[in-house]
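Down below is the structure, laid out as structure tokens.
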Amino acid sequence: MHLYNTLTKQKEKLDKKEIKMYVCGVTVYDRPHLGHALSTITFDVLHRFLEYIGYSVIRVQNFTDVDDKIIAKSKELRISPKEVAEKYIKAFFEDMDNLGVRRADIHPRATEDMNEIIELIKDLIDKKAAYELNGSVYFDVNFSNDYGKLSKRNLEDLIEGNRIENEPDKKNHGDFALWKHAEEDETYWDSPWGKGRPGWHIECSAMVKKHLGNSIDIHGGGLDLVFPHHENEIAQSESSTGHKPFAQIWVHNGLLKRSGDEKMSKSLGNSLDVRDALNNYSGNSIRLWILQSHYRHPSSLDENSLDIAQKSIQRIQRTLILRGEDGFDNKDYKNKFLIAMKDDLGTPKAIATIFDLIHDINKSNDLDKKINEGVILLEELLGILGFNFEDKNQNDSEITNLIKLRNQLRLEKEYDKADQIREDLLSKGIEILDSKDGTTFRKI
């Protein structure tokens, strides 16, 4: 398996068979949007595929549950920051479950690892990599002689792009906060430097160290995290432990664009919630739409992209229910699939191979019904990518009522509306079967 490493700008082989992977998760102040889904599904598929080809994987994906945005949301909703975090962590899991995302092995929260965060800051102060100033603690960027190696920019350029805390007495303009002094009305924790809360970057360094150790094999996240977040993580962790590299391979997914070159984000007000998308499209359709683009490339959400993915899923479902005879020639579909996936998680080529297989299954079905081995292989390859065609929500009485409505619409010659009911049910894994004896259905 080879993955593109942002640190070295080249594809590198995963030599170890036991993989420790850390993925930067969401800040829980609102519902997840499709950009979050893109990143989460990417690393879900990476985890699944590594296990399929024989790797042992421990995946940790955190929640940032202390942040200015969470505090602002708590004031807006008139509930505590903890209640805000709990509300949106629950929402995240609900939405990702509906997208077929497997839970990470560990989902740590910053507030639950506060002791480790404070101990790491103390260690950095002891090593002269950080200093206390007016109740806050800052990392000295000059302590790290290779600061900027991930983003490939010099220190002066990085300082211009960093989050500059309003503190005129810092040693360097680009020094970033490890611990922030709390004002009277702010959420705080007690520390050796007074009441305060951690900076964003130190949280992930502490959680990696606690749950995975001093170094990891894969560190993942969105491309927008390269600087300052991941750059600062490297500086903190390597300054504390002395172990280099902190992460062997840095894997960054491209960003989701809503219009033009504008990144999708809550702060820009142009995001589409996963929940909103799920009201109109199946989890499988959203997953397919995401995986049809390579994870490192920017993805665009336009009016037709999800509609096209939904129709493609329906085509897959129609093929999965086919049953015939043995004798299908599986050729080298699986080999092509594996080659694509092993080359930097090449899901577009892997999916193209799946649709080649679907084409040939349907062609054989029309000729001689020798399709069984092909359908079995199709199920296997789809499973590797995390597709799930079992409907868990629609009960039989609801389905029966929809079928009755469809049949009535057909009698009234409202064929478009009747066909839409069929397509909607098929998108949820329910196939309508018409025969001379009446209409039945099956869950596929």
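Filter region 102-143 down to the residues that are in contact with a Gly (Cβ under 8 Å, 6 or more places away or on another chain) and not charged (D, E, K, R), then identify the one that is farthest from P192 (Cα to Cα). Give the derivation first.
Our first condition is that a residue be in contact with a Gly (Cβ under 8 Å, 6 or more places away or on another chain); within region 102-143, this holds for 102, 107, 135-136, 141.
From the residues that got through so far, the ones that are not charged (D, E, K, R) too are 107, 135-136, 141.
On the way: H107: 27, G135: 9, S136: 10, V141: 22 Å.
Ranking the qualifying residues of region 102-143, first place goes to H107.
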Pick from region 68-111 the residues that are surrounded by fewer than 21 Cβ atoms within 10 Å (Cβ to Cβ) and acidic (D, E): which of them is farthest from L385 (Cα to Cα)?
-> E76
Determine which single condition G25 fails, assuming it passes every other condition in (1) surrounded by 24 or more Cβ atoms within 10 Å (Cβ to Cβ); (2) not in a loop (DSSP other than H, G, I, E, B); (3) not aliphatic (A, V, I, L, M).
-> (2)
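Going by the conditions given, is L357 surrounded by 16 or more Cβ atoms within 10 Å (Cβ to Cβ), assigned to a loop (DSSP other than H, G, I, E, B) and not assigned by TED's automatic domain parsing to the domain that holds I218?
On the way: surrounded by 16 or more Cβ atoms within 10 Å (Cβ to Cβ): yes; assigned to a loop (DSSP other than H, G, I, E, B): no; not assigned by TED's automatic domain parsing to the domain that holds I218: yes.
Taking the combined requirement at face value, the residue does not satisfy it.
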Among F139, F143, the single one that is crowded, with 21+ Cβ neighbours inside 10 Å, more than 27 Å from the chain's Cα centre (by Cα) and assigned by TED's automatic domain parsing to the domain that holds S240 is F139
Any chance region 322-329 includes a residue that's under 32 Å from the mean Cα position of the chain (by Cα) and either surrounded by 14 or more Cβ atoms within 10 Å (Cβ to Cβ) or in a helix (DSSP H, G or I) (or both)?
-> no
Every listed condition ((1) surrounded by fewer than 16 Cβ atoms within 10 Å (Cβ to Cβ); (2) in the same structural domain as K436 (by TED's automatic domain parsing)) holds for L402 save (1)
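Yes/no matrix, rows are residues, columns are (1) over 30 Å from Y333 (Cα atoms); (2) hydroxyl-bearing (S, T, Y); (3) not assigned by TED's automatic domain parsing to the domain that holds L320:
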{"site": "L378", "(1), (2), (3)": "no, no, no"}
{"site": "Q408", "(1), (2), (3)": "yes, no, yes"}
{"site": "A418", "(1), (2), (3)": "yes, no, yes"}
{"site": "E423", "(1), (2), (3)": "no, no, yes"}
{"site": "G429", "(1), (2), (3)": "no, no, yes"}
Find all pairs meeting these conditions: Cβ atoms under 9 angstrom apart; at least six residues apart or on different chains; first residue within region 38-55 and under 16 Å from K16 (Cβ atoms) and in contact (Cβ under 8 Å) with a residue 40 or more places away in the chain; second residue among the basic types (K, R) and part of a loop (DSSP other than H, G, I, E, B).
-> H47/R102; Y55/K16; Y55/K17
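Are there strands (runs of 3 or more DSSP E) fully within region 186-264 with at least 3 residues that are at pLDDT below 95 and either surrounded by fewer than 20 Cβ atoms within 10 Å (Cβ to Cβ) or not basic (K, R) (or both)? List them.
Numbers: elements: 196-198, 216-222, 247-253, 256-259.
Here the list reads 256-259.
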Given (1) assigned to a loop (DSSP other than H, G, I, E, B); (2) buried (at least 17 other Cβ atoms within 10 Å of the Cβ); (3) among the small types (G, A, S); (4) touching a Lys or Arg at 6+ places or on another chain (Cβ under 8 Å), where does S293 come up short, assuming only one miss?
-> (4)
Test for L345: is it assigned to a helix (DSSP H, G or I), touching a residue at least 40 places away in the same chain (Cβ under 8 Å) and under 27 Å from the mean Cα position of the chain (by Cα) = no
Evaluate region 142-161: report whether one residue or more is farther than 30 Å from I384 by Cβ, without any contact (Cβ under 8 Å) to a residue 60 or more places away in the chain, of a type outside the set (V, I, T) and touching a strand residue (DSSP E or B) at 6+ places or on another chain (Cβ under 6 Å).
-> no
Counting just the residues of region 54-75 that are in contact with a Pro (Cβ under 9 Å, 6 or more places away or on another chain) and among the aliphatic types (A, V, I, L, M), which one comes out farthest from C24 (Cα to Cα)?
-> I71
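Of all residues in region 28-64 being among the β-branched types (V, I, T) and in a helix (DSSP H, G or I), which is surrounded by the fewest Cβ atoms within 10 Å (Cβ to Cβ)? Working first, answer last.
Just the residues of region 28-64 that are among the β-branched types (V, I, T), to begin with: 28, 40-42, 45, 53, 57-58, 60, 64.
Now restrict to residues that are in a helix (DSSP H, G or I): 40-42, 45.
Numbers: T40: 25, I41: 26, T42: 25, V45: 23.
Across region 28-64, the extreme among qualifying residues is V45.
The values are calculated or read from the model by the stated rules, or taken from the named source; none is laboratory data. Only a predicted model underlies this, so the values are computations on that prediction, with no experimental measurement involved. Ideal geometry is used to build each Cβ from the backbone, glycine not excepted, and the neighbour counts take in all protein chains shown.
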